[in-house]
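To keep things clear, I will list the structure first and then write my remarks on it.
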Amino acid sequence: MNSINADLHCHSLISDGTLSPEEVAHRAHANGVQIWSLTDHDILEGQARAQRAAIDLGMTYIPGVEISVSWCDQTIHIVGLGIDADHVGILEGLRRTREGRGNRAQLMAEQLAKVGISGAYEGALHFAGNHQLISRTHFARFLVEQGVCKDTEHVFKNYLVEDKPGYVPHMWATLDDAVAWIKAAGGVAVIAHPGRYSRLNAMQMDELYKHFKDIGGVAIEVITGSHSPDQYQTYTKVAQQYGFLASRGSDFHDPHESHIDLGNLPQLPDHLTPVWSVFH
């Protein structure tokens, strides 16, 4: 089961990726992915297209979403897998979560203008396939296009993050709400890329894992595009300690920006139970 090439975290232009759902499906298939999920941020609009493309290509498809959550004054992400993409409750919850992105984007542009970077809002919109979901990633692409930074990795070291120009906090869904929406839609909740939450201390992470499990969360991403090999080991131990199923996903956004391409990840350790076992 762990030798299956599953990629259960990636994005299309419906949120902040650059390829259509069908193009992501074809890229995943070309890279040998057998079980696939498109997990766009806070929206389910691309699910039907992704599922049709996956089925046509002979891949197993698991409907998915990545929900933005505020936890201890930081933003974390919860992936929902196996959801009913037409469930009224999760659709309404995601709609509420998306509200405020436009105003936040205007404020981000104002912050960037103060350091001499003008036209950022319009520039970011140019990269946003869905204007409802304008995000930091779209601003990052604008900054690269303008030559302010050499790549998006450089952007997120110098702009758009706490204490840097262009940073504007936003209140997302609560952890309890996000997990409840996923469960109500028949899915399972997964903590996405825990290695990225470096601003949370060990006590806060322990509290996150315990509370997540208490409210019905079942899995954690162990192998993901933003984890280092050392972190694969770290989160293998976390999965064992807290009794989580393990997930695997590239977090692919774009052929040139992403650290790891679709399907090109190490396999999960044999002694972990993969989250996709729930669906088979």
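The values are calculated or read from the model by the stated rules, or taken from the named source; none is laboratory data. As the structure is a prediction and not an experimental result, all values here were calculated from the model. Cβ placement follows ideal geometry from the backbone for every residue including glycine, while neighbour counts extend to all protein chains displayed. We work out accessible area using only protein heavy atoms, side chains counted, and drop any ligands, DNA or RNA first. Shrake-Rupley method; radii C 1.70, N 1.55, O 1.52, S 1.80 Å.
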Leaving out ligands, DNA and RNA but keeping every protein chain, what accessible area does residue 27 have, in Å² rounded to the nearest 10, with a 1.4 Å probe? 70
Give me the one-decimal Kirkwood hydrodynamic radius in Å for the range 197-264, with the sum taken over alpha-carbon pairs. 13.0
Quick check for you: with a 1.4 Å probe and neighbouring chains kept, what is the accessible area per residue of the chain, in Å²? 43
For the range 24-181, take the alpha-carbon Rg, divide it by the Kirkwood Rh, and send me Rg/Rh. 1.01
Evaluated over the range 129-280, the Cα radius of gyration and Dmax, each in Å: 16.9, 48
Lysine pairs in the chain with Cα distance under 28 Å, only those 8 or more apart or on different chains: how many are there? 9
Which GluC sites (Glu not before Pro) does the range 98-154 hold that lie in a coil by DSSP with at most 13 other beta carbons within 10 Å? 99
Which of these, 117, 35, 67, has the largest mean-square fluctuation under a Gaussian network model of the chain (Cα springs below 10 Å)? 117
What figure, in Å² to the nearest 10, do you get for the accessible area of residue 203 with a 1.4 Å probe and non-protein molecules left out? 150
Normalised by the empirical 2.2 N^0.38 Å for globular proteins, what value does the Cα Rg of the chain take? 0.95
Fraction of accessible area attributable to carbon and sulfur, the chain (%, probe 1.4 Å): 49
